[in-house]
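Notes follow once the structure below has been shown.
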Amino acid sequence: EGGVGPDQRDHSALQCFAWMAIWALAREATPHLPELHCARTASFALPPAVTDLMQAEGIELGDADDKIFARSNSKQEDGTVGILTGGVIDRAAYYRH
């Protein structure tokens with residue numbers, strides 16, 4: 001699940017990141033009981049124009065990206081990271097790393 005949160009150095013700015021969660025069967029202490037494993041991606045700062053639009057209009061990141069970058073449904077395609085890296089890293093690759 002992708003998300004945004006305040007930048008720790010500049011609280012008026014937003015950072016983008018994602019969380020992944022996986023249920024897996026335990027192997028050791030409690031076999032056959034599922035364990036929750038979570039991981040977070042790296043974070044990157046959002047451009048001020050995107051942050052400002054999200055905060056002013058109360059809209060989601062994907063909708064702000066579409067307006068700022070004249071795109072359509074970018075959150076289902078390469079995502080913010082794809083837009084900002086010019087396609088060098090897409091949303092799927094960002095989650096894998």
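The values are calculated or read from the model by the stated rules, or taken from the named source; none is laboratory data. None of these values were measured; they are calculated from a predicted model. Note that each Cβ is placed from the backbone with ideal geometry, even for glycine, and that neighbours are counted across all protein chains shown. Protein only, heavy atoms only, side chains kept; ligands, DNA and RNA dropped before computing areas. Shrake-Rupley method; radii C 1.70, N 1.55, O 1.52, S 1.80 Å.
The figures follow:
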quantity: Choice from ALA70, ALA18, ALA42 showing the highest fluctuation, given a GNM over the chain with Cα pairs closer than 10 Å; calculated: ALA70
quantity: Relative contact order (%) - segment 1-82, alpha-carbon pairs under 8 angstrom, separation at least six; calculated: 20
quantity: Selected from SER43, SER74, SER12 as most flexible by GNM, with the chain as the system and alpha-carbon contacts under 10 Å; calculated: SER12
quantity: Heavy atoms of GLU77 accessible to a 1.4 Å probe, total area in Å² rounded to 10; calculated: 110
quantity: C-alpha long axis of helix 48-57 to longest principal axis of the chain, angle in °; calculated: 90
quantity: Of the trypsin sites (Lys or Arg not before Pro) in segment 1-92, those whose Cβ has at most 11 other Cβ within 10 Å and which sit in DSSP loop; calculated: ARG9, ARG27
quantity: Summed side-chain charge close to TRP19 - residues other than TRP19 whose Cβ falls under 13 Å, Lys, Arg +1, Asp, Glu -1; calculated: 0
quantity: Share of carbon and sulfur in the accessible heavy-atom surface of segment 1-86 [1.4 Å probe, %]; calculated: 55
quantity: For the chain, accessible area per residue (1.4 Å probe, heavy atoms of protein chains only), Å²; calculated: 67
quantity: Solvent accessible area, Å² - HIS32, 1.4 Å probe, full protein context; calculated: 150
quantity: Charge tally in the Cβ shell below 15 Å around ASN73, where Lys, Arg are +1 and Asp, Glu are -1, ASN73 excluded; calculated: -3
quantity: Dimensionless Rg ratio for the chain, taking C-alpha atoms and the 2.2 N^0.38 Å reference; calculated: 1.30
